[in-house]
Amino acid sequence: MVAGICAHAPSDRLCQLSAQWGVKAYSGFGEMVADPAIEALVLGSRNDEHAQQIRRCQELGKPALVEKPVVTTLAELDGIRASVAHTGVPVMPAHNFVYRGAVRAARGVVQSGRLGQLVCASFCSNHTISPEHSSGWRGSLAIGGGGALMDSGHHQVYQALYLLGRPVALHAFQSRLVLTGMEGEDLAQIQLRYANGALATIFQSWSTNHGAPVDGIRIVGTAGWLQVTDALYLDGERCDSDTTYEQSFVNQAHAFVDFVRQGLPPASTLDDARDALNLILLAYESAANDTVPRFPSC
């Protein structure tokens, strides 16, 4: 098996990375995916390139781990799901935060009923992005499909779905507050209502690095509470410290290998990707029209 890389980068930089990491450098995606020695791919390319690259992986029978968002339209995602159902060639969304041990443990707590009746929750993230990112393709709606919510906000959305399930309705707001050169939002908030009446907030900002006091996951019930920040805390007791960004990718990579080689179901599926994308698109609709869309039950 050969490990390789290709990128939208000068050839000298690609060669430098190839030598540093001890992997083969390819001139482009087409050359890389066609190499018989490449068994599976990790697609970390621009959002607008994913659909075509996934289709090529499907044609060649090569599994793919695809960065979020897998694609930015429901039609594209439904086409990919149909292809996977036909070919049996796996496509796994790179929802790396659900592979953190603390998040998976939090799901177990919620499902156990330990918190009692769920009342409210928040999923918040504040951070800035580099000028290269805000002025690059992430600043283009045609390429990125959205701003902060479609990009980094995906993490908050899929974690909310993983831990709380589907809401029944939502209301959203978005702003272009600091990164005014972007076409999309640098700030977004979604209010969610669930079937039992519980409420939740999803908040994603690219406008500040000073959100530490509110960042993280918090879920409150009638019998207790939990939070996921630097660790999982249950009623204030530290329970699981597997929360780091770096380790989430390691855990995700193991899950992808197990999915491809052993058929073990991953914690992130194309159905999950569809729910996350649908929620984000409904949030954009709500923010644009000041409406309260209902989330489909299936």
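The values are calculated or read from the model by the stated rules, or taken from the named source; none is laboratory data. Just so it is clear, the structure is predicted and the values come from calculations on it, not from any experiment. No Cβ is skipped: glycine too gets one built from the backbone with ideal geometry, and neighbour counts run over all protein chains shown. Keep in mind that these areas ignore ligands, DNA and RNA; they rest on the heavy atoms of the full protein, side chains included. Shrake-Rupley method; radii C 1.70, N 1.55, O 1.52, S 1.80 Å.
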| With the contact rule set at Cα under 8 Å and sequence spacing of 6 or more, what percent relative contact order holds for the chain? | 21 percent
| So what does log10 I(q)/I(0) come out to for segment 151-298 at q = 0.10 Å⁻¹, using the Debye formula with one equal point on every Cα and no solvent? | -0.42
| task | Could you work out how far apart the two model spin labels at Thr229 and Val168 are, taking each label as a point 7 Å from the Cα in the direction of the beta carbon, and quote it in nm? | result | 3.3 nm
| query | Sequence-distant or interchain residues sharing an amide H contact under 5 Å with Asp240, placed H: which? | reply | Leu232
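Is it possible to state the helix-based mean residue ellipticity at 222 nm for the chain, with each DSSP H run of 4+ residues giving -39500 (n - 2.57), the sum divided by total residues, to the nearest 500 deg cm²/dmol? What is it?
Mean residue ellipticity, 222 nm, calculated: -11500 deg cm²/dmol.
Pairs of Cα atoms under 8 Å, at least six residues apart: use those to get the relative contact order of segment 6-85, whole percent.
24 percent
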| said: Just to verify a number: FRET efficiency for Val292 and Ala253, C-beta to C-beta distance, R0 = 41 Å, to 0.05? | reply: 0.55
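Of the accessible area of the chain, with the probe set at 1.4 angstrom, what percent is carbon plus sulfur?
On the way: 7440 of 13970 Å².
Roughly 53 percent of what the probe reaches on the chain is carbon or sulfur.
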| task | Give me the accessible area of His254, 1.4 Å probe, in Å² rounded to the nearest 10. | result | 120 Å²
| query | What number, in nm² with one decimal, is the all-direction average of the projected area of the convex hull of the alpha-carbon atoms of the chain? | reply | 16.0 nm²
| task | Would you mind computing, in nm to one decimal, how far apart the modelled labels at Arg55 and Tyr245 are, each placed 7 Å from Cα along Cα→Cβ? | result | 3.4 nm
| task | May I ask you to give the solvent-accessible area per residue for segment 67-164, in square angstrom, as obtained with a 1.4 angstrom probe? | result | 36 Å²
